[in-house]
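Please read the structure below before turning to the comments.
The values are calculated or read from the model by the stated rules, or taken from the named source; none is laboratory data. This is a predicted model, so every value here is computed, not measured. We place every Cβ from the backbone using ideal geometry, glycine too, and count neighbours over all the protein chains shown.
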Amino acid sequence: MAVALTDYLVVSAILFAVGVYGLLTKRNAMRLVFSVEILVNAANINFIAFNRFLWPAALGQTAVLFSIALAAAEAAVILAIVVVAYRIHDDVDVSELDELKG
Amino acid sequence: MVDATDIAFAGLSIVAIGGAVSALEAREIIYGAVGLAASFFGVASLFFLLDSPFVAAFQITVYVGAVAVLVLFTVMLVREGRWFGDSMGPASRAAAVVTVLALIASLVSSFLASSLSTATEQPTPPSFVQIGQLLTGPYAPALEVLALVLAASVLGALTLAKVEPAAEKEGS
């Protein structure tokens with residue numbers, strides 16, 4: 001039996017859930033970056049799977065190329081922010097970075 | 001009937017999901033970064049299974065090659081002793097697990113109830129040529145904007161992480 005579209009969607013849903021779990025429970029900035037990257041990967045699996053099963057052109061693959069490039073740009077900026085936060089605070093616990101709190 | 005594709009799919013899914021879980025739950029964050037790279041690699045291999053070798057190669061180059069290395073370097077730069085206490089308490093963790101399981105259950109049941117469960121693969125997989133035609137045709141402006149975004153993000157990251165000469169003197 002060939003692998004069905006729903007199998008890929010289930011894997012993607014589980015990865016998405018793992019990412020949401022990380023966002024809900026972690027306070028370490030690095031773990032939050034990991035969670036966001038896992039979420040982006042889950043979304044990308046959906047794009048490629050829907051493209052393969054439902055659409056004859058390569059539209060989904062092109063969207064994933066854009067998504068991967070944007071995620072890389074975002075990771076670069078977030079990691080720079082983490083390094084700066086660590087330099088200022090000696091810590092990357094996001095619940096202690098509250099200078100902007102009103 | 002189980003064939004090689006099914007076994008490969010099961011194994012790669014376990015690598016992708018297990019890598020993601022270990023990225024979040026490994027006690028040393030450096031092992032977490034390695035788990036994250038494994039998860040990226042599993043996802044890239046799933047792209048191969050979906051007949052998208054170009055995207056898979058791009059994923060390996062950018063995620064496993066660049067992002068994972070960037071993460072490893074950042075982890076080494078901000079390494080410290082107290083990685084252990086970085087989670088919420090057991091009560092909020094249990095609440096998060098329940099939320100996440102409910103999320104999975106609702107998503108999976110909606111997939112199975114929809115007409116997607118009977119979808120079959122397209123006869124021919126999308127080709128490189130189509131990606132190139134889309135990127136140079138209707139999506140050429142988006143590609144240009146993406147180049148600007150990448151340049152801006154690199155400049156922004158450099159500006160953020162730059163150490164001012166005066167601050168450095170003060171710190172030393």
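Can you go through A:Ala69, A:Ala76, A:Ala42 and tell me which one is out of contact with any Phe, Trp or Tyr (no Cβ under 6 Å at 6 or more places or on another chain) and buried (at least 19 other Cβ atoms within 10 Å of the Cβ)? Talk me through it step by step, then tell me what you get.
Numbers: A:Ala69 fails: buried (at least 19 other Cβ atoms within 10 Å of the Cβ); A:Ala42 fails: out of contact with any Phe, Trp or Tyr (no Cβ under 6 Å at 6 or more places or on another chain).
On inspection, the qualifying residue turns out to be A:Ala76.
Can you confirm whether B:Gly65 is touching a residue at least 12 places away in the same chain (Cβ under 8 Å) and more than 7 Å from chain A (Cβ to nearest Cβ)? Working first, answer last.
Numbers: touching a residue at least 12 places away in the same chain (Cβ under 8 Å): no; more than 7 Å from chain A (Cβ to nearest Cβ): yes.
Here the answer is no, as B:Gly65 does not meet what is asked.
Among the listed residues B:Ala96, B:Ala105, B:Ala167, B:Ala142, which satisfies the condition of being more than 7 Å from chain A (Cβ to nearest Cβ), out of contact with any Cys (no Cβ under 6 Å at 6 or more places or on another chain) and at pLDDT 90 or above?
B:Ala105
Can you spot a residue in the range B:154-164 that is within 30 Å of A:Val10 (Cα to Cα) and at pLDDT 85 or above? Outline the logic, then answer.
Filtering the range B:154-164 for residues within 30 Å of A:Val10 (Cα to Cα) gives none.
No, that holds for no residue.
For the range B:1-41, enumerate the residues that are under 11 Å from the mean Cα position of the chain (by Cα) and basic (Lys, Arg).
none
Those residues that are within 7 Å of another protein chain (Cβ to nearest Cβ) and crowded, with 19+ Cβ neighbours inside 10 Å, I need them from the range A:21-32; list them, please.
Here is the first cut: in the range A:21-32, the ones within 7 Å of another protein chain (Cβ to nearest Cβ) are A:21-22, A:24-28, A:30-31.
Passing the criteria: A:Tyr21, A:Gly22, A:Thr25, A:Lys26, A:Asn28, A:Met30, A:Arg31.
Give just the number: which of (1) more than 26 Å from the chain's Cα centre (by Cα); (2) modelled with pLDDT of 90 or more; (3) of a type in the set (Gly, Ala, Ser) does B:Ala151 not satisfy?
Failing condition for B:Ala151: (1).
Which is under 17 Å from the mean Cα position of the chain (by Cα), over 23 Å from B:Arg27 (Cβ atoms) and at pLDDT below 90, of B:Ala44, B:Ala66?
Details: B:Ala44 fails: at pLDDT below 90.
Criteria check complete, one pass: B:Ala66.
Residue by residue through the range B:19-58, note down the ones that are over 16 Å from A:Val36 (Cα atoms), in a helix (DSSP H, G or I) and not aliphatic (A, V, I, L, M).
B:Tyr31, B:Phe41, B:Gly42, B:Ser45, B:Phe47, B:Phe48, B:Pro53, B:Phe54, B:Phe58
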